Amino acid sequence: MVHFFLKISLSLIKMKNLTLLITTLIFIILCTIIMFLLEPDTFESVLNTFYFVMTTFSTVGYGDYSPVTIAGKLFAIFMYLFGIGLLGVVIGKIVDGFTIFRRKREEGKLSYTNENHVIIIGWGKKTDYAVKEILDSDPRVEVVIIDNLPHAPMDVSNNRIHYIQGDPTEEETYKKANIDKARAVIVFSDDTLQDGSLKDAKTLLVAITVERLAPDVHTTVEVMTEKHILNFSHVKVDEFILSQETISSLAVRSALYKGVSKVYSQLISRQHGEDLYKISKKANWVTYNDAFQKLLSNGATLIADRDQLNINRRLQESIPDEAVLYIICNKETYQTLIEK
């Protein structure tokens, strides 16, 4: 008898999940119908019978309903022997499914299916800071990190962070990251390489792959040396960040103009102080002066149209329809402006 039940249990465990689920549902329905037919006066309705079957299978057994006939009691014993085991296997399979899902998510083996996300390629301290900055800047955007690490470098229990494990030069990796539906891609140089030329060479290879697969997605690339930007000329990268030159320039300006580094920090970080925001042109803004004065009255300062920082010398010019305006203000002021 023990061997018989052991054999059945092993057969249930080896069943495919869908087959096991269907078998369980059929078994519950049959038990409900049979028990109701055996004792219609005891249970009064099919719903009450179903309630009794489920409390029996789950070993809760409140005792508010119980069979009184010999046939009903014998069938209840049958349900004890088979139903509890069957439901236990199903619950175990469900728990295992969640465990496998979590492990695959932590190992970066699950594909990302949402849209309008930001993909960051290459893990390092810069990536860690960039992810936190993105999440703080826009509460709706999600981040996908691509790297070869065996486990996610950040806590993926945060549903806004997703990890893809894979080679950033292979097409399959980007398909898993749903790159063609992405909002932007950021490529950081590989910090595991010591030579700047090798870093830029690998970045170039990654950028070529990204642009081939998603030419319409905005791409920002970190380049270690300015002269290497020419090597990217045939790749349609949208923006370059000169890592070494930027740090050196900031250090020099900080030495010449004490305290200027704090100004830079505020402009490039959402964590504190005044920040840089993009704002759309309003219908009643004809000239830059119209926009400048209106924004100023609301506590914001207009500083640029796209990459043109000479707004203060062009106040009387008309604002083109394709204008991309940038302002400096705090978060509260920006929220007020976009809500108007």
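Could you go through segment 295-312 and let me know if any residue there is in contact with a Lys or Arg (Cβ under 8 Å, 6 or more places away or on another chain) and of a type in the set (A, V, I, L, M). No; the residues of segment 295-312 include none that is in contact with a Lys or Arg (Cβ under 8 Å, 6 or more places away or on another chain) and of a type in the set (A, V, I, L, M).
Is it the case, given these coordinates, that K175 is out of contact with any helix residue (DSSP H, G or I) (no Cβ under 9 Å at 6 or more places or on another chain) and either on the phi < 0 side of the Ramachandran plot or among the hydroxyl-bearing types (S, T, Y) (or both)? In short, no. Please enumerate the residues belonging to segment 147-163 that are within 18 Å of V185 (Cα to Cα) and among the hydroxyl-bearing types (S, T, Y). The one that is within 18 Å of V185 (Cα to Cα) and among the hydroxyl-bearing types (S, T, Y): Y163.
Residues that are assigned by TED's automatic domain parsing to the domain that holds K132, in a strand (DSSP E or B), of a type outside the set (D, E, K, R) and at pLDDT 85 or above are absent from segment 241-248 altogether.
Meeting the requirement of 2 or more residues that are under 38 Å from the mean Cα position of the chain (by Cα), of a type outside the set (A, V, I, L, M, F, W, C) and at pLDDT 75 or above, the helices (runs of 4 or more DSSP H) wholly within segment 1-90 are 17-38. Collect the residues in segment 292-303 that are touching a helix residue (DSSP H, G or I) at 6+ places or on another chain (Cβ under 9 Å) and closer than 16 Å to E339 by Cα, keeping them in residue-number order. Result: L295, N298, G299, A300. Mind listing just one residue for me: the one in segment 98-114 that is in contact (Cβ under 8 Å) with a residue 24 or more places away in the chain and either polar (S, T, N, Q) or assigned to a helix (DSSP H, G or I) (or both) and, of those, farthest from Q165 (Cα to Cα)? Among them, the one singled out is N114.
A quick yes/no check of all residues on (1) among the acidic types (D, E); (2) closer than 16 Å to S157 by Cα; (3) in the same structural domain as S157 (by TED's automatic domain parsing):
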position: K93; (1), (2), (3): no, no, no
position: T99; (1), (2), (3): no, yes, no
position: W123; (1), (2), (3): no, no, yes
position: S137; (1), (2), (3): no, no, yes
position: V143; (1), (2), (3): no, yes, yes
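Among the residues of segment 154-168, those identified as surrounded by 13 or more Cβ atoms within 10 Å (Cβ to Cβ) and modelled with pLDDT under 90 are M154, V156. Determine whether segment 274-288 contains at least one residue that is closer than 25 Å to N330 by Cα, of a type in the set (G, A, S), at pLDDT below 65 and touching a Leu at 6+ places or on another chain (Cβ under 9 Å). The answer is no, given that none of the residues of segment 274-288 is closer than 25 Å to N330 by Cα, of a type in the set (G, A, S), at pLDDT below 65 and touching a Leu at 6+ places or on another chain (Cβ under 9 Å).
The values are calculated or read from the model by the stated rules, or taken from the named source; none is laboratory data. None of these values were measured; they are calculated from a predicted model. All Cβ positions, even for glycine, are placed from backbone atoms using ideal geometry, and neighbour counts span all protein chains on display.
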